[in-house]
Every structure is written in C-alpha cells, then in structure tokens.
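Chemist: Have a look at this one before I ask anything.
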Amino acid sequence: MDGQRKGPGSRANATTEAIDLQNATKYTARSARAKAPDFEILGEPATLLPPGTYQAVFVSWFTCLMFRKRPKIGLKFQIVDAGDHFGKTLTRWYNARRLIGEHGDSGQFQIGRHSDFLADFARLFGMPSRTDRAPMSRLKKVVLLVEVETVKQRRNQEEIATPLKYSVIRRLLWVTAGSVQEPD
C-alpha cells in the first residue's frame, strides 16, 4: 500500500464519520432492523395438560413428513371430560409406511401389519374386513379413554424449557361409549 491509514481517523473515512456524527439520528438500514421484530413465533401454543387419563373424541387426522423425511399420521382428539380441560385438542402420533398422494388433512397413508396404528385400531375395533381400505370413520363413533403424557425432551434428548412443554396422547386405552361394530 502507499502508507495511508485506512482506520477510523483516516482521510478516507473522515467524510462518513462527519455525516455519522452530525446525523446521529439519521435513518439507516440498521436502525430499521432495530424497530422491526427479529423473529416471529408461528403456530398455536401447544396444549399442556396434567399427565393422566381422559375421555376424548376423534376430531380429524392429517399426514405429514416429520423432519422432512419420516411419514407420520396425526390423529386429533378433543377432551370431553368436564372441567378445565374440556374442549382442548391433543394429537396421537403414529409412524406410516408411506403417504399416498398429497399429505395434509385427511391424507391417505399405508401402514405395516405390525404398526402401532394397526395394533391400536385392531384392539379397539377388531381387524378391518378389508385391508386395502380401512375406514377412519370408525373412530368418529366412539368416546375413548386416552393416556396423556407431557413431552419433556426434544428429539435429541435435550430438556425442553418449561414454557414450551406440551402434552400428547401416548396410548388409546379403550372405548368408553359408542359403537365398536363395523357399519354394514
């Protein structure tokens, strides 16, 4: 280089420093970022219930790819026990073998013969008469006793911060009301 200083007191920076000092409140891109939020929290707050058993009714199901690769089925249930938790919605998660077509609300899926989903379904309702198209509508006609747990760790076994803990349905125990018979 030619020996000139390029630091804060140099001639090259003298003009910018003067502008910065004279216009300390001048609008800049940095000050615009300071006024805008740095991030947003998306989605609804997760439901947190005390662990235990509750009566619940099936609301809907959806399919998705968890962590962008693992096909999952989410069954949504609504708590129908009288009290503070009446009407709260929880999800029971199952692994799927694969998703068929578009995933999302009421998405189609395939499960294995030894899957947790089929084990729960067969225990509650018996094996479906047709394995090529089993009806999810069977879940809509009953009240179930479900076991609820609090999720305390992330998938990498790190502890979840207390305000972010949430409840899930760990098991569908049995039918407490409604018809378990397959429709004609």
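Chemist: Binning at 5 Å from 0, report for the range 52-178 what percent of all alpha-carbon pair distances ends up in each bin.
Modeler: Percent of Cα pairs in each bin: 2, 10, 18, 22, 21, 15, 8, 3, 0, 0.
Chemist: Another question about this same structure. Could you pull out the chymotrypsin sites (Phe, Trp or Tyr not before Pro) across the range 76-132 that fall in loop regions by DSSP (anything but H, G, I, E, B) with no more than 15 other Cβ atoms inside 10 Å?
Modeler: Phe86
Chemist: Along the Cα→Cβ direction, 7 angstrom out, place labels at Cys64 and Arg155. What is the inter-label distance in nm?
Modeler: 1.1
Chemist: With labels modelled as points extended 7 Å from the Cα through the Cβ direction, what inter-label distance (nm, one decimal) is found for Gln108 paired with Asp84?
Modeler: Output for this residue pair reads 4.5 nm.
Read-outs: derived from the displayed coordinates by stated rules, not from any lab. These numbers were taken from a predicted model, which means no experiment stands behind them. Quick reminder, even Gly has a Cβ in these numbers, built from the backbone with ideal geometry, and neighbours come from all protein chains shown.
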